[in-house]
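Report on the structure given below.
The values are calculated or read from the model by the stated rules, or taken from the named source; none is laboratory data. Quick caveat: nothing in here was measured; it's all calculated off a predicted structure. Here the Cβ positions follow ideal geometry from the backbone for every residue, glycine too, while neighbour counts run over all protein chains shown. When the accessible area is computed, the model is the full protein with side chains, heavy atoms only, and any ligands, DNA or RNA have been set aside. Shrake-Rupley method; radii C 1.70, N 1.55, O 1.52, S 1.80 Å.
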Amino acid sequence: MDLQKSVIEALHTYFNDQRNDLDLTSMSGLSPTRKEFEGDYTLVVFPFLKWTGKSPEESAKMIGDYLVDSIDDIASFNVIKGFLNLELSTEFWTSALHKLLEKEKLDLAAKEEKILVEFSSPNTNKPLHLGHIRNILLGASTSSLLQAGGYQVINTQIINDRGIAVCKSMLAWQKFGNEATPSSSGQKGDHFVGHYYVLFENKFKEEYKEWQTKETASKVYQLQRKEGENEEAFFKRFKNEYFNTHSALGLEAKEMLQQWENNDTEVRALWSKMNQWVYDGFNSTYDKLGVYFDTLYYESDTYLLGKDMIQKGLAEKLFFQKDDGSTWIDLEDVGLDHKLVLRSDGTSVYMTQDIGTAELRFKDHGAKKMIYTVANEQDYHFKALFEICKKLNKPYAEGLYHLSYGMVDLPSGKMKSREGTVVDADDLIQEVIDEAKRNSLEREVQLEISEEAQNEIYRKVGLGALKYFILKINPKKRIVFDPKESVDMQGDTGPYIQNAYVRIKSVERRLKSQDLKAEDSYTAIEEVEKEILQLLLSYPLVLEEASSNYDPSEIAAYSYKLAKSYHKFYHDIRILKADTDAAKLFRLNLSSQVAKHLKHAFNILGIEMPEKM
RNA sequence: GGUCUCGUAGCUCAGCUGGAUAGAGCAGCUGACUUCUAAUCAGCAGGCCGCAGGUUCGAAUCCUGCCGGGAUCACCA
């Protein structure tokens with residue numbers, strides 16, 4: 001069945017007769033013939049000229065003759081310049097469809113290998129926003145993609161549930177919350193807690209502003225200002241230091257953090273309570289997005305990890321200490337800098353924790369491959385982390401991969417919480433669903449189904465639009481997210497592809513009642529049918545390619561191509577009213593295969609298929 | 001400044017490890033619903049693939065330099 005393979009084998013035989021030192025592994029293989037030319041698949045013969053010693057045309061002719069002779073599926077060929085266009089036999093197409101029908105699963109062969117995929121990993125002081133949505137969709141779909149690629153996949157995240165930021169919202173709640181709860185205020189837990197984080201920041205800003213009018217402030221300004229720096233610029237720069245040195249609120253927050261680290265019962269209780277509110281909120285968002293985690297890691301459990309490994313490494317001289325007692329690693333030999341791994345007071349930094357967490361995860365799950373879905377602002381950090389793991393000689397060091405993705409910007413520029421331009425995850429999800437509803441109500445088509453079923457469709461279509469819109473873009477590219485475009489439902493969009501599926505389901509329902517006999521075989525295969533079959537046949541390669549690149553956007557692109565071809569087919573070719581039963585059956589089977597592939601592909605993207613829309 | 005990354009139609013993006021005249025969608029303009037769901041299809045228009053060199057049968061793709069956007073270079077995470 002694998003035409004690609006038989007052609008390569010045939011070429012091997014053909015050229016080996018003449019040359020023994022031939023290496024065909026580098027040749028490009030077959031590609032679908034472009035529409036403007038005759039033929040089904042094209043072989044570019046330029047690479048062979050050095051073996052044939054003849055002109056491109058002559059060489060192509062020779063090779064074409066040989067292929068027609070030696071491979072039954074190849075019926076004829078034509079040559080244009082160095083391009084050998086092969087035409088396949090009718091039997092090739094019909095048997096290709098038969099073989100697809102016999103295939104039960106579209107997943108690639110199962111591999112023993114385990115992969116751990118980390119994504120989301122939010123802070124617990126504010127709700128999820130558009131940036132998290134990209135992270136979550138990308139991580140979750142990469143996970144599904146690897147599963148389809150045959151790997152055993154474990155979804156995980158590291159939850160940043162501690163630290164000064166978390167204490168800020170705790171403190172604000174304590175001071176100003178009056179014992180309010182999410183349910184008493186009717187707010188989702190993560191939004192509720194986020195509200196107190198913002199409240200803290202505002203109170204802090206007020207405090208800072210007031211302080212600036214005082215004498216101490218002007219003294220500090222006079223003493224520490226840089227050449228030519230005005231007050232405004234200075235105080236902007238000084239904000240962080242103010243928090244640490246002069247601020248009453250800052251002091252309280254830091255004290256709370258200290259108490260937290262000392263396991264203060266009251267603080268810990270408050271912390272657990274508020275974090276639980278946040279988790280309830282996050283979980284509801286995850287549910288809406290249809291993502292799940294197999295195992296969770298909390299920073300509060302892991303932030304002390306890694307120290308021992310640093311100590312051991314220090315003994316082995318992998319790390320070194322500076323005079324102030326801080327511990328570093330020299331990564332200059334791999335093109336990076338010196339990197340801090342322990343503070344001078346012996347406390348750990350982000351890097352320390354990550355080294356420990358990687359080790360812990362390996363012990364827990366034994367996965368030699370781990371993928372970190374984190375935005376590209378941390379490219380440097382992960383490069384350093386991976387190099388350190390290599391130097392520590394970890395068995396998983398080679399299998400670490402940073403799935404780095406571009407930030408999400410708005411047409412108006414960056415999202416800034418200060419300017420209130422952050423797109424909230426829950427709001428966005430609701431908006432796309434509402435838009436799907438509006439859009440559907442404008443149509444004339446009336447589906448005779450319950451309101452509940454109708455709402456399910458709006459949900460699937462709205463989320464389909466959003467997810468596809470984000471996932472179709474190559475991960476490493478920055479996204480300019482135009483909310484208006486994200487709810488588009490025509491053209492290269494999720495709903496367009498869902499619609500192809502829905503059309504097929506409709507055809508299947510109608511043809512089910514017919515008793516089709518297909519004694520005679522279908523021979524007049526249409527161009528567009530071949531095009532669809534070519535796409536279906538290429539699916540395993542696409543899966544392989546996409547999963548080895550950790551790139552769901554390749555799956556999105558494939559889905560679109562397949563749906564587009566199908567829509568054209570659907571428009572141009574009669575299925576129910578085909579001339580013969582054989583034709584009907586062929587087209588029905590072809591359609592069902594398209595549906596199966598689209599559903600599989602969209603499952604990877606985490607997009608559900610409606611049966612009607 | 002060093003490192004990384006991106007630059008393709010008005011806008012948003014494809015273009016696989018180099019292959020034929022660079023493709024889609026949106027927006028604009030034309031057409032096609034008594035016929036399997038028009039969330040569809042067909043057509044028109046729109047391009048110095050950032051710029052300049054190089055590698056070769058052949059470059060949007062690989063290499064070098066430059067220009068422009070972004071990220072990063074903390075005892076922050």
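Mind checking the angle between helix A:552-572 and chain A's longest principal axis? C-alpha axes, 0 to 90 degrees, to the nearest 10. Around 40 degrees separate the two axes.
Hey, what's the range A:336-467 come to in accessible area per residue, 1.4 Å probe, Å²?
Dividing the accessible area of the range A:336-467 by its residue count gives 51 Å².
Karplus-derived 3J(HN,Hα) values for the range A:202-217, using 6.51 cos²θ - 1.76 cosθ + 1.60 with θ = phi - 60°, are 5, 4, 5, 4, 4, 4, 5, 4, 5, 4, 4, 7, 8, 5, 3, 5 Hz; glycine and proline are entered as x. Normalised per residue, the accessible area of the range A:168-256 is 60 Å², obtained with a 1.4 Å probe and no contribution from ligands, DNA or RNA.
Could you state, as a whole-number percent, how many of the C-alpha pairs of the range A:165-269 are farther apart than 24 Å?
Details: 1994 of 5460 pairs.
Cα-Cα pairs of the range A:165-269 separated by over 24 Å account for 37 percent.
Ordering A:Ile555, A:Ala601, A:Tyr570 by Cα displacement along the dipole of the range A:549-605 toward the positive end leaves A:Tyr570 in first place; charges were set at the Cβ atoms of Lys, Arg (+1) and Asp, Glu (-1). Magnitude of the charge dipole for chain A, about its Cα centre and with charges confined to Cβ atoms of Lys, Arg (+1) and Asp, Glu (-1), is about 880 debye.
Probe radius 1.4 Å, ligands and nucleic acids ignored: give me the carbon and sulfur share of the accessible area of the range A:165-269 as a rounded percent.
Values: 2950 of 6280 Å².
Its accessible area is 47 percent carbon and sulfur atoms.
The alpha-carbon atoms of the range A:400-546, seen along their principal axes, cover 70, 44, 27 angstrom, with the largest extent given first. Under a 5 Å amide H cut-off, with hydrogens placed 1.01 Å from N, A:Met370 pairs with A:Leu116, A:Leu400, A:Tyr401 among residues at least 5 apart or on other chains.
Contact order for chain A, expressed relative to its length and based on alpha carbon pairs under 8 Å spaced 6+ residues apart, stands at 14 percent. Only one residue of A:Cys167, A:Ser185, A:Tyr242 has its Cα farthest out toward the positive end of the dipole of the range A:165-269, where Lys and Arg carry +1 and Asp and Glu -1 on Cβ, and that residue is A:Tyr242. Among A:340-349, A:119-128, the peptide with the highest mean count of other Cβ atoms within 10 Å heads the list, and the full ranking is A:119-128, A:340-349.
What is the sum of charges, Lys and Arg at +1 and Asp and Glu at -1, for the other residues whose Cβ falls under 15 Å from the Cβ of A:Asp330? Don't skip to the answer; put the middle values down first.
Details: positive: A:Lys317, A:Lys322, A:Lys339, A:Lys383, A:Lys390, A:Lys391; negative: A:Glu316, A:Glu332, A:Asp333, A:Asp337, A:Glu387.
Value of the local net charge: +1.
Hey, any idea what % of the range A:427-604's accessible area is carbon plus sulfur with a 1.4 Å probe? Ligands and nucleic acids excluded, carbon and sulfur reach 46 percent. Computed 3J(HN,Hα) for the range A:226-232, one whole-Hz value per residue from the Karplus formula 6.51 cos²θ - 1.76 cosθ + 1.60 where θ = phi - 60°, is 8, 2, x, 8, 7, 4, 4, glycine and proline marked x. Stretching the chain fully between A:Glu58 and A:Arg574 yields a gain of 181.6 nm (0.36 nm per residue, less the alpha carbon separation).
Per the 1.4 Å probe, what fraction of the accessible area of the range A:312-367, in percent, lies on carbon and sulfur atoms? Reported share for carbon and sulfur atoms: 47 percent. 3J(HN,Hα) along the range A:488-494, derived from phi through the Karplus expression 6.51 cos²θ - 1.76 cosθ + 1.60 where θ = phi - 60°, amounts to 4, 10, 10, x, 6, 9, x Hz, with x in place of Gly and Pro. Here the extension length gained between A:Glu179 and A:Ser284 equals 35.5 nm, from 0.36 nm per residue of separation less the Cα-Cα distance. Modelled label positions at A:Asp107 and A:Asp2, each set 7 Å beyond Cα in the direction of Cβ, lie 2.1 nm from each other. Other residues within the sphere of radius under 14 Å centred on the Cβ of A:Ser55, judged by their own Cβ, net out at +2 (K and R +1, D and E -1).
Give the shape of chain A as rounded, prolate or oblate, defined through the alpha-carbon gyration tensor: a ≥ b ≥ c are the square roots of its eigenvalues, a/c under 1.5 means rounded, and otherwise the shape is prolate if a/b is larger than b/c and oblate if not.
prolate
In this structure the range A:3-88 gives 56 Å² per residue of accessible area when probed at 1.4 Å with all protein chains present.
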